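Undergrad: Provided herewith is a single structure, encoded as structure tokens, for subsequent inquiry.
Read the figures in this text as sums done on the coordinates, not as results from a lab. Given the structure is predicted, the values throughout are model-derived calculations rather than measurements. Counting neighbours? That spans all protein chains shown, and the Cβs are built from the backbone with ideal geometry, glycine included.
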């Protein structure tokens, strides 16, 4: 099964030269499954300390329009996230497009609160839980950006039969901790772990680092994106997942 992941520009629109260029790179790979970055369309909201209803609505609209653009790619499975309105803020909602049909999967639970990433000011969680989505070809769990740092959920996805953990993210230029977390998530779950990221400068204080990456079920890195190669693909081997989930440490059970 061919998996593609990306780095895509800050402020991406569903139309225009940036989208057309990225779309061309994606379609040239002919993937069976695409992982995008976190809320890939529109401007980054959480650089501001204070919630702004107009900016929140603009982000909702931009990402809804982006979903229509993603559906037009005609890729069998697309994994992404979008902002959705809650009573007072937004929720960051992971979803799967399966043959173009929208499926809710998960809402983000963990939010940083620091320079460039004041997410608690903008987001909350309306729907609790870390559940997989089972498609005819693959079972997937989501860990949205900061959630990757909480490996208990990677183990939970293994128990639900996941083959792949998708990690749409919007992170800065520091990469070491993200790779360590991804490697550990793969090791404890026996899943492939695949992450896409924003790239580019937001303002003088915040630059998104790009560097989408893929890790194998044994925790080894497969590949990563670069500015020259913003879309990268690999072949997912289900037999590797099955073997990893039968071996240490995946077989170890918690004592009741």
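Undergrad: Name the residues of region 11-27 whose amide N is less than 20 Å from a point 7 angstrom out from the Cα of residue 227 along the C-beta direction?
TA: Inside the label zone: 11-13, 17-26.
Undergrad: For region 19-44 and region 132-164, what is the separation of their Cα centres, given in Å?
TA: 21
Undergrad: Put a dot 7 Å past each Cα toward the Cβ at residue 220 and residue 30; how far apart are the dots in nm?
TA: For the pair residue 30/residue 220, the computed spacing is 2.7 nm.
Undergrad: Just round it to a whole percent: the fraction of Cα-Cα distances in region 128-188 exceeding 15 Å.
TA: Taking all Cα-Cα pairs of region 128-188, the fraction more than 15 Å apart is 46 percent.
Undergrad: So, one more: Taking the convex hull of the alpha carbon atoms in region 1-126, what volume per residue do you get, in Å³?
TA: 102
Undergrad: Please report 105, 98, 140 as a ranked list, fewest other C-beta atoms within 10 angstrom at the top and most at the bottom.
TA: By the 10 Å Cβ count, ascending: 98, 105, 140.
Undergrad: Once the Cα gyration tensor of region 190-252 is found, what semi-axes does its equivalent ellipsoid get, as square roots of 5 times the eigenvalues, in whole Å, sorted largest first?
TA: Semi-axis lengths for region 190-252 are 31, 13, 7 Å.
Undergrad: Dimensions of region 47-113 along principal axes (Cα, Å, largest first)?
TA: Principal extents (largest minus smallest coordinate, Cα): 38, 23, 21 Å.
Undergrad: Percent of alpha carbon pairs in the chain separated by more than 36 Å?
TA: Across the chain, Cα pairs with separations above 36 Å total 7 percent.
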